[in-house]
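Where a number appears in this text, it was derived from the coordinates with a stated rule and is not lab data. Predicted model only: the values in this text are computed from it and were never measured. Every residue, glycine among them, receives a Cβ derived from its backbone with ideal geometry; neighbour counts consider all protein chains shown.
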Amino acid sequence: MNLRDKLRAIDASPPRKPAPSAEVQRTDCRCTSEIRPVSDFPGFGELNRETLMLMQPDCIPDCFDPYRILYMDTETTGLGGSGSVAFLVGVGRMGENGFEIRQYLMRDYPEEPYLLEHVAEDFGRFDLLCTFNGRSFDVPLLESRFRMNRMNPAPLRLPHLDLLYPARRLWKLRLGHCTLGDLEARVLGIPRTGDLPGSEVPQRYFSYLKTGQLCMLDDVLTHNAQDIATLCVLLCRMAHFYRHPEELCHQEDTFSMGRALEKTGHHTEARRCYRLAEHGRVGGKASGALARSWRRAGETEEAVKIWQRMIETRKGGVTPYIELAKYHEHRTGDLETALDLTRRAMILLYEPALYAEGSVQDTENALKYRYDRLKRKIAQKE
Amino acid sequence: MNVTQLADRLRNDENFMQNVVRWEVQPAREARTVPFPDSLDARLLPVLQKRGIHQLYTHQAHSIEATLRGEDTVIVTPTASGKTMCYNLPVLSAILRDPDARALYLFPTKALSADQVSELYEMIGDLGVDIKTCTYDGDTPSAARKAVRQAGHIVVTNPDMLHSGILPHHTKWVKLFENLKYIVVDEIHTYRGVFGSNLANVLRRLTRLCEFYGSRPQYILCSATIANPAELASTLTGRPVTLIDDNGAPMGERHFVFYNPPVVNRQLGIREGCIPVTRSISGMLLKNGIRAITFARSRLTVEVLTKYLKDMVRDPLGNAGRVRGYRGGYLPTERREIEHGLRYGEVDAVVSTNALELGVDIGSLDACVLCGYPGTIAAAWQQAGRAGRRRSTSIVFFIASSSALDQYIVNHPDYFLRQSPENALLNPDNLYILLNHFKCAAFELPFRDDEDFGNAPSPGELLEYLSEQNILHHVGGKYHWSAEDFPASEISLRSATSENFVIIDITDPARHRVIGEMDRFTAPMLLHENAIYMHEAKLYQVEKLDFDACKAYIRQTEAGYYTDADLNVSLSLLDIAEEKPVPGGGVCALGEVKVTALVTMFKKIRFDTHETLGFGPVRLPETDMHTTAMWWTLPDELCASFTGDALKNGMLGVANLLRIVCPLYLMCAPQDIAVQYQVRSPITDKPTVIIYDNCPGGIGLSDKAFGMRSLLLEKALQIVTDCTCECGCPSCAGPAGEIGTNGKQAAIRILRELTKDEPAR
């Protein structure tokens, strides 16, 4: 048995057809570009620094110019590690004549350095990078490719707005998960048809390498171009919602927007969103959040009003009872009322529709503890 | 009572002494020291002096000098000789002089790295400089990983993490690879067989990446005593390595007692069992307050002995925390707790498998009991080294079982005391292993057409093969990785298969908990349905073994027995590499075979009396392995001359004899090599005796056996003809109960025939 037969014998995989070895010497990768009309990007004109600061304050440059944002997405041969290659890098930018998408494709491995040079050059021309999940995937992967090709990865370190994180804050509550595809279909209302699933991309590229037929990559190129266009559409849409939360059509989203704004320290705007969400499916949560926000701001009387209203309208479960009990125990000193509220909360806890199992136990223990303490305090006083 | 008093008392105890074959006393040895080498950075000296170190042992000084001269070194000294200094000092010295310098420490297990790092931390703290030592392994929180990658001066990890967590992501470790000055590999004697062959390839990959980043790190390697440390070191690293073995550390007096349990049935050659004897000797140590470690060969024996010893010291509430069991399969936290207990004197007796052999710091114990020969001289010395450190007197009991190898050792104590320990063999060019690492290496960095992979043979052919499989893509003079997978994640360094079985206790239906794990090859033996599984001397019965999901469900039980499974092995031929005629018309061949293992049934064995209570079936899928083998087919004429079952019994006898001889003369552990016989072999269609490497792909033992085949047969013949038993005993061809009354004579005839013309070398 020779070495090859031995390798076959110990290796489970069946032999496959060898690839044709028609090598062509090239001095560049394949570069293509297309322009889409500005009208495809509603709300682009509204983009400004103030709005983006509401969204992700840590990465927006001082001299913000919406025409100096680079949108970027890659298609790769794997999920990471130094053996994964970005064989296609698509970039987009808004120009005078419309949205220009450029795609750099390496037709074979020797073209990678050219592709990376284009990328480095493009990055150098812009102030802000916009991606979807680029922070933990595309950019580190490109950085690794630069290292592998002994190129300096410094140009990649552009201020970076990764839309995944703000998008999650806004839509995770309603959508559960937030892939770019989910957002297109359920936020932007433009579901893709006939799109190539991302998981099939590497295999397409390997098939292309085997056959040399560029048409096998048509779907990948289309998919990538669409992703880049979507990045800009999504950014405009998100910016619009940040300015006009009342236009979000789902109460969950409005409530999420409130939480997102509160996190970035925009309390007035956040309360506005909570109030908008108070009458829908997440009304209880919204009211609770609104009251909490007032209390934190020191406006306890505002908060009390909301809690009382919540009890009247039977919203928010035991939360308003507990909050009011705290208020009376620690602020007004009205222990009898606090005890009464606690007792009512304990009774309410057993209305089965209120709470999912599991969370009840902790709440119940906390209530019992409070109840006993109030009893003791009252007894002491007497 | 201290050890010296105990030794005196035992030497006057006639009952005890009549079973003692040999009482060897190794005298205490003085320390040999020299001043600190000038080449060491002077800032280290006050730190060492503060710790009471004013001079270095000779081996420490010599190794440090060699390292600072730029040589790759391997240091071979026994336990507790201060070998960590041999690498910590040059590494710290280098970083003090060049704060950009980096070092990589590799330890075979996580526990060891935890131990070593704490010592390093103390020294760095005393130095008062900013040298960052970081552990990078599966337990490192992901938040801390980025900092380790960028700022760690000394990165402490294990081969598995290097293989799957660092090398494939080398672009994130630029600082480390660009400035790597030292690679420290401790406990290299553990890297033999599959694990070692894998590590050698991981180091080939590491060196390749260092070249890419323009660094050329030096190696500092450490090993316990083995026969071929320099050879092992240079096979692992692919470089010539300077050997440092002039141990200058002091050593207390040590007693070595060879104890052979009395024969209880002279006709059958059966001796008193080694477990009951160990029970009484370990028990005696426990009662006399002598802190001792007992080593047993199997997990099962560990559990049985732990139970016996615990029963001796149980308090009224049933607690016996002074006695602990320790073996692979306990969870890491439980092991750390036991190690801690040993170190701080809270545990008086521990019963362990070889899991505690490695350098885990458990402080010093006074006595060590070996329940059966651990299989190799190196391992026996390692285990014995657990008792007695630098100054005090210690005692080691070796209790022989009736197995042939044990009997050989106990009857030839000089073989044990004078013979050099075993070779650690590995085969970095094992095709299975090599192919896997070619994949990983290509993933990490494309291969150039003319590129070598360490000193691996014919890299071009392997690359061409992988490119035919469309795993690599050949273009522009390079082979590029062109598959979607992440090859390192599919390859385990420690075994042929990567999946482990988890063991889940379902005694409390509300709270299932994982109490241990076990590798895929052992699981069918110990975790089949209805097996009694023991954990810290508690008995569990396996209720269900989910083979596909790799889960075993067990429930606590009060059974009065334990179980022992029977393994059936069958072989088929893949390839013949070489054939030589055997005198009388047979053939001896070297080649490759497929080994299929299947557990078919188990025995129930009563505690205390060890009698067999019954049998049960096991229904589990078989496991396959390709490996190298050598075999003899017997001459037709000879076979025809036997009548009845004489041929079968004779072949069994020959196989039993080869099982004794092979580990001794191939200098390997008994479990590394397997011997089988087939009256009608599917390989040759004839009566055949087969020796094969007991690991996928083989590590070169069969090749070695093929080379010394005449010697092996000669020695087997000598053992069986020298033995005074009537018709076979466990010390030669096997007891008559196993090989029949005609087995011994038949074995002698077969061996005489095979060795007839060819004189031993």
With a 10 Å radius around each residue's Cβ, average the other Cβ atoms per peptide and rank B:64-71, B:448-455, highest first.
B:64-71, B:448-455
Cα centroid separation - region A:116-154 against region B:686-724, whole Å:
60
Within straight cross-link reach of residue B:310, meaning Cα distance under 21 Å, which lysines are found once same-chain residues fewer than 8 apart are removed?
B:287, B:538
I need the calculated FRET efficiency for the pair residue B:578 and residue B:711, taking r as the beta carbon distance and R₀ as 22 Å, to the nearest 0.05.
0.80
Per-residue average of other protein chain Cβ atoms inside 10 Å, peptide B:480-492 -> 5
Among the aspartates and glutamates, which have Cα under 13 Å from the Cα of residue A:6 when same-chain residues fewer than 8 positions away are ignored?
B:461, B:575, B:592
Place a +1 charge on the Cβ of each Lys and Arg in chain A and a -1 charge on the Cβ of each Asp and Glu, then give the dipole magnitude about the Cα centre in debye, rounded to the nearest 20.
1380
Potential extension, residue B:21-residue B:450 segment - 0.36 nm per residue separation minus Cα distance
148.3 nm
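Which of B:481, A:294, B:23 has the fewest other C-beta atoms within 10 Å, and how do the rest follow up to the most?
Ordered from fewest to most neighbouring Cβ atoms within 10 Å, B:481, A:294, B:23 come out as B:23, A:294, B:481.
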Could you size up the charge dipole of region B:580-672 around its Cα centre, putting +1 on the beta carbon of Lys and Arg and -1 on that of Asp and Glu, and report it in debye to the nearest 20?
220
Given the peptides B:590-602, A:45-57, arrange them by the average over their residues of other C-beta atoms within 10 Å, most packed first.
B:590-602, A:45-57
Averaged over B:566-575, number of beta-carbon atoms from partner chains that fall within 10 Å:
1
Normalised by the number of residues in region B:148-280, what is the relative contact order in percent for Cα pairs under 8 Å and 6+ residues apart?
20
At 7 Å along Cα-to-Cβ for each site, give me the label-to-label distance between residue B:333 and residue B:132 in nm.
2.9
Taking beta carbons within 10 Å but only from partner chains, what does the mean come to for residues B:214-226?
0
Name the residue from B:371, B:402, B:344 whose Cα lies farthest towards the positive end of the charge dipole of chain B, charges +1 on Cβ of Lys and Arg and -1 on Cβ of Asp and Glu.
B:344
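Estimate the FRET efficiency between residue A:381 and residue A:305 by the formula 1/(1 + (r/R0)^6), using the beta-carbon distance for r and 30 Å for R0, to the nearest 0.05. All intermediate terms of the calculation are to be shown ahead of the outcome.
Details: r = 28 Å, r/R0 = 0.93.
The formula returns an efficiency of 0.60 here.
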Among B:152, B:35, B:48, pick out the residue whose Cα is farthest towards the positive end of the charge dipole of region B:33-244, where Lys and Arg carry +1 and Asp and Glu carry -1 on C-beta, about the Cα centre.
B:152
Sequence ranges B:376-385, B:330-339, ranked by mean other-Cβ count within 10 angstrom, highest first
B:376-385, B:330-339
Quick one: order B:133, A:193 by neighbouring beta-carbon count within 10 Å, fewest to most.
A:193, B:133
Unit charges on C-beta of K, R, D, E only; dipole of chain B, Debye:
1680
Taking 7 Å along the Cα-to-C-beta vector as the label spot, tell me the residue A:157-residue B:607 distance in nanometres, rounded to one decimal.
6.5
Cross-link pairs A:315/A:368; A:326/A:368; B:686/B:744; B:172/B:439; B:544/B:594 - those with Cα-Cα distance over 18 Å
A:315/A:368; B:686/B:744; B:172/B:439; B:544/B:594
